[in-house]
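The values are calculated or read from the model by the stated rules, or taken from the named source; none is laboratory data. Note that the coordinates shown come from a computational prediction; the quantities given were computed from them, not determined experimentally. Here the Cβ positions follow ideal geometry from the backbone for every residue, glycine too, while neighbour counts run over all protein chains shown.
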C-alpha cells in the first residue's frame, strides 16, 4: 500500500507557497491522477521517485517510510513519456539493465528478462533497437523493464500520451493486468479523462499542488460543483 | 540535485584554470620586479610605435572580419537556397577544413597561390596588410559560412511556403524571412571573427611583422624574443588583454551563435535560372578560394626537395614533438572539459542555468586572456627562477590545452547536456552509475562528439605557432616552428615540403582519431 502523508514541496526553496499532497493507494490498484498542466501531477511522481526532495511529510510503502532513501533504493519503477530506452542498446539489453546494471546476469536473471519480454509480446524483437520499433512497442519495453525490477510502485508519467487512442487503451489494460498480477501499486498521470476511465476504479484530481478531489472515476468526472474540475473537463 | 562526485572534480578544474590565468597575470602586473626594469620604461605607453601597433591590430582585424563575413553571407545564402546542389555535403566539409589547417601551412598555401611566383600572382607583395587579409579571409570565410548557414535552416518550412503563397520575390523573401533571422547571428559572428583576427599570431608573424604591419600579439613576441625587453612586453600584453576583454564582453552581450551543425533540411523556395546560376557561381568561387591554396601547397611540395627534407633528423624530431604536444594537450583539455561539462549539465538539469553557463564560460576564459598574454605572464613569472626553455613542454602543452578547452565545450557540451536531461532520472532509478553509466550510456552516445573534440584539439595544438614560438628552441621545435625557422632562413622549398608533412599529418591524425574514437560514422542509432 502507498500512503502519502502531508508531503510538501516548493520549487523555490525560499517560497512560502508550496504543494501539499495526501493520498492512499491500495495494492493491485491503479490510481489515475488528472489535472491541468502545471498543477503538480508530475511533481508528485518525482517526489515519490526521489527526483525531487520533499520539504516535509512522509511517503510510506507497506508502512516503510522511504522519503530518506536514495532514488535507486526506493521500491519504485517509472515510465516516462519518452526517452525510456537507450537508443544504442537492443531491447534485451535495455530490459536487462533493469535487473543488473553490470549486465552480468545469472541463468535465473536471464530467464526473468526472457519471461518479461514474452509477457509483453516482445520475444521476437529482442535484438532490435528502439529506433526500429513503434511508439507502442517502445513503451511495452519500458513496462517489461519495470516488470523485471520487481518494485512495488509503478509510476506512469504521461507514459502513453504520444500514442493513438486504441494503442493507449491496449497498454493501459496491460498495465492494469500487470499491477493486479504482481500486487503492485500503480499511479497513472494522464491528460485524458478517458484514460482514467479505462485504467482506474478511483481517480484523483490535482490542482494548484494538492489533491482537491478524489472519488470513483465515473463520479469524479461527473462532478460539476468543483469549478477547477469543471474548467479542466470543459477544456478537454 | 548535483552530487559531490560531479562538483569536486569540476571545482578542482576551475581552481586550476584560475591559477593558470591569474598567476601569469600577477606576474604581468608585478612590473617593478622585472629584471632591468626602470621607471622610464613606462614612457613606452606614449610612444608612436605603440599607437601604430594598436591601430594596425584593430584595423587589420576589422577589415579581415568585414572581408570574411560579408561574402560569407552571400555564399551561405547560396548554399541554403541550393539544397540539391551536387556534392553540396562534400563542399561543406571542405569549408570545415581550414579549421584544422595549421596557420603557418595556410600562409605557405596562400603565398604559393597568390605570391609573385604563385599560380595567380596577386600583383603586390603579400608581406604586409594584403597578405594578412588574404590569409585571414581564407580561414574565416568558411567558418562564417558554416556559422551563418544554420540561420537559413532555422527558418520554418511553413514560412517559405507562405512566402511562395504570397508571391514574394527574392528580395522580399530576403527582407521578410532571411534578414530578420540573419540579423540575430550577424553581430556575434562578426565579433568572433574580429576576435580571432585580433589574436591571430602565426599569420601576422609570417606575413607581417615589419614596422608597418605588426599587431600587439606579434609585438609581444618580438619584445620578448628579439628585444629582450620584458617591460615592453608587459605593457603590450596588458593593452592586448584590455582590448580582448572589451571585445569578449561585447561578444557575450551580442552572441547568439548557432551550433556549427549543418542539417540536411533545406528551404523550399522557387528560384529563377539566373538566381540559381549566380548562387552556383558564388559557391564555385568560394570553393576555389578555399580549396586551391591547399591543393597548391601539396603540388608545390611534391616538386620540392622531398627526400632531403624527409631524411633530415630535425624533421622527425619535430614530428615527435608535434605529436607529443598535440595529443597531450588534447587529453588534458578533454579531461578538464569533461569534468566541467558533467557538472554544468547537472546544474542546468537542476534548474541552475545561470551557474551552469558560468561554468561553461570559465572553460572559455582563453577567449578573454589570449594565450600569448598567458605565455608572457608565465615567462615573466618563471624566468627569474628557472630557465624557461627547460620547461617548454609542460608550458606549451598546458597553454594549448587551455586554448583547446572552448572547442571541447562547444563539441561536447550540447550532447552531454542532452544526455543528462534525457537519461539522468532513468539512470538514477535503475542505479546505473559510475563505470557502468559511462560504459552503457555515455561512451556509446558521446563517443562521436568526444572524438571530434579530441581530434580538433590535437590538430590545433599540433599546428600552433604561438606559445611554441615564445618558448621553443631548435631541440623542442614542432613542425610549425620548424617551418617558421626554415622561412626565416629563406629555405622556401624546404619549408613547403615541411608544410606538406604538417598538413598531411594533421589531416591523418584528425581522420584517425575521429575513426578510432568515434567509431563507424554510418552506425546510426
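Quick test for you: out of A:142, A:72, A:65, pick the one residue that is touching a strand residue (DSSP E or B) at 6+ places or on another chain (Cβ under 7 Å) and surrounded by fewer than 19 Cβ atoms within 10 Å (Cβ to Cβ).
Answer to the selection: A:65.
How many residues does region B:164-207 hold that are surrounded by fewer than 22 Cβ atoms within 10 Å (Cβ to Cβ) and under 30 Å from residue B:490 (Cβ atoms)?
1
Going through A:131, A:135 one at a time, which residue ends up being touching a residue at least 40 places away in the same chain (Cβ under 8 Å) and either more than 21 Å from the chain's Cα centre (by Cα) or more than 13 Å from chain B (Cβ to nearest Cβ) (or both)?
The unique qualifying residue is A:131.
Take region A:100-112 and flag every residue that is modelled with pLDDT under 90 and either surrounded by fewer than 16 Cβ atoms within 10 Å (Cβ to Cβ) or at the interface with chain B (Cβ under 9 Å from one of its Cβ atoms) (or both). Working first, answer last.
Step one: filter region A:100-112 for residues modelled with pLDDT under 90, giving A:100-104.
Within region A:100-112, A:101, A:102, A:103, A:104 qualify.
Residues B:93, B:88, B:51: which one is surrounded by fewer than 20 Cβ atoms within 10 Å (Cβ to Cβ), closer than 30 Å to residue B:227 by Cβ and free of Cβ contacts under 8 Å to residues at least 12 places away in the same chain?
Answer to the check: B:51.
Under 9 Å between Cβ atoms, which residue pairs at least 6 apart in sequence (or on different chains) link something in region B:280-293 that is not assigned by TED's automatic domain parsing to the domain that holds residue B:77 with a partner that is at pLDDT below 90 and in a helix (DSSP H, G or I)?
none
Give the residues of region B:96-113 that are surrounded by 19 or more Cβ atoms within 10 Å (Cβ to Cβ) and part of a helix (DSSP H, G or I), sorted by residue number.
Matches in region B:96-113: B:98, B:103, B:104, B:105, B:106, B:107, B:108, B:109, B:110, B:111, B:112, B:113.
Considering only region A:33-45, state which residues are out of contact with any helix residue (DSSP H, G or I) (no Cβ under 8 Å at 6 or more places or on another chain) and either surrounded by fewer than 24 Cβ atoms within 10 Å (Cβ to Cβ) or assigned to a loop (DSSP other than H, G, I, E, B) (or both).
A:37, A:38, A:39, A:40, A:42, A:43, A:45
I'd like to check something: does region A:66-76 contain any residue that is in contact (Cβ under 8 Å) with a residue 12 or more places away in the chain, in a helix (DSSP H, G or I), in the same structural domain as residue A:192 (by TED's automatic domain parsing) and touching a helix residue (DSSP H, G or I) at 6+ places or on another chain (Cβ under 8 Å)?
Checked against the condition, which is being in contact (Cβ under 8 Å) with a residue 12 or more places away in the chain, in a helix (DSSP H, G or I), in the same structural domain as residue A:192 (by TED's automatic domain parsing) and touching a helix residue (DSSP H, G or I) at 6+ places or on another chain (Cβ under 8 Å), region A:66-76 yields at least one hit.
Please find, within region A:78-91, the residue that is modelled with the highest pLDDT out of those that are surrounded by 21 or more Cβ atoms within 10 Å (Cβ to Cβ) and within 7 Å of chain B (Cβ to nearest Cβ).
Selected residue: A:78.
Being buried (at least 18 other Cβ atoms within 10 Å of the Cβ), free of Cβ contacts under 8 Å to residues at least 60 places away in the same chain and within 17 Å of the chain's Cα centre (by Cα) is the filter here; which residues of region A:53-62 pass it?
A:59 - this is the single residue of region A:53-62 that is buried (at least 18 other Cβ atoms within 10 Å of the Cβ), free of Cβ contacts under 8 Å to residues at least 60 places away in the same chain and within 17 Å of the chain's Cα centre (by Cα).
Table: residues versus (1) modelled with pLDDT of 90 or more; (2) crowded, with 23+ Cβ neighbours inside 10 Å; (3) under 30 Å from residue B:380 (Cβ atoms); (4) not assigned by TED's automatic domain parsing to the domain that holds residue B:361.
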| position | (1), (2), (3), (4) |
| --- | --- |
| B:443 | yes, no, no, no |
| B:466 | no, yes, yes, no |
| B:469 | no, yes, yes, no |
| B:477 | yes, no, yes, no |
| B:495 | yes, yes, no, no |
| B:499 | yes, yes, no, no |
| B:507 | yes, no, no, no |
| B:512 | yes, no, no, no |
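What is the number of the single condition among (1) more than 14 Å from chain B (Cβ to nearest Cβ); (2) touching a residue at least 12 places away in the same chain (Cβ under 8 Å); (3) under 21 Å from residue A:99 (Cβ atoms) that residue A:218 does not meet?
(3)
Of the numbered conditions (1) in contact with a helix residue (DSSP H, G or I) (Cβ under 9 Å, 6 or more places away or on another chain); (2) surrounded by 15 or more Cβ atoms within 10 Å (Cβ to Cβ); (3) at pLDDT 85 or above; (4) not assigned by TED's automatic domain parsing to the domain that holds residue B:402, residue B:10 fails exactly one; give the number of that condition.
(4)
Would you list the helices (runs of 4 or more DSSP H) that sit entirely within region B:365-465 and hold 1 or more residues that are within 14 Å of chain A (Cβ to nearest Cβ)?
B:392-429, B:434-437, B:443-463
Within region A:179-192, is even one residue without any contact (Cβ under 8 Å) to a residue 60 or more places away in the chain, within 16 Å of residue A:154 (Cα to Cα), under 16 Å from the mean Cα position of the chain (by Cα) and part of a helix (DSSP H, G or I)?
yes
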